[in-house]
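Taking it in order: structure first as structure tokens, then the write-up.
The values are calculated or read from the model by the stated rules, or taken from the named source; none is laboratory data. Please read all numbers here as calculations on a predicted model, not as lab measurements. Here the Cβ positions follow ideal geometry from the backbone for every residue, glycine too, while neighbour counts run over all protein chains shown. Heavy atoms of the whole protein, side chains included, go into the accessibility calculation; ligands, DNA and RNA do not. Shrake-Rupley method; radii C 1.70, N 1.55, O 1.52, S 1.80 Å.
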Amino acid sequence: MPTSFVLINTDIGSESNVLNDLKHVEGVEEVSAVYGVYDLVARVRTDTMDKLKEIVIWRIRRLDKVRSTLTMVVVQDR
């Protein structure tokens with residue numbers, strides 16, 4: 001089951017709105033606001049890599065106020 005962490009930059013001041021929107025995106029299991037270079041971190045888990053790609057490209061990146069993303073695919077879990 002593919003899992004990834006998606007680091008997200010938002011427009012200034014829109015972090016909580018985007019966080020709330022992400023809670024309703026299929027496959028997003030957890031989302032947190034963070035300090036640092038990125039504003040939010042989302043954990044996404046799907047059935048296939050194609051589904052993961054679809055969620056990141058067509059759902060997360062297209063949310064209003066999302067400026068950029070960086071996706072890190074998990075290669076090993078404990």
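The residues of the stretch 39-73 that are within 9 Å of the chain's Cα centre (by Cα) and open to solvent by less than 70 Å² (accessible area, probe 1.4 Å), listed by number, are Leu40, Val41, Ala42, Arg43, Val44, Ile55, Val56, Ile60, Thr69, Thr71.
The set of residues from the stretch 1-38 being free of Cβ contacts under 8 Å to residues at least 24 places away in the same chain, open to solvent by less than 60 Å² (accessible area, probe 1.4 Å) and not in a loop (DSSP other than H, G, I, E, B) comprises Leu19, Val31, Ser32.
For the stretch 39-65, which positions are part of a helix (DSSP H, G or I) and without any contact (Cβ under 8 Å) to a residue 12 or more places away in the chain? Asp50, Lys53, Glu54, Ile57, Trp58 - these are the residues of the stretch 39-65 that are part of a helix (DSSP H, G or I) and without any contact (Cβ under 8 Å) to a residue 12 or more places away in the chain. Against the numbered list (1) in contact with an Asp or Glu (Cβ under 7 Å, 6 or more places away or on another chain); (2) modelled with pLDDT of 95 or more, Met1 comes up short only at (2).
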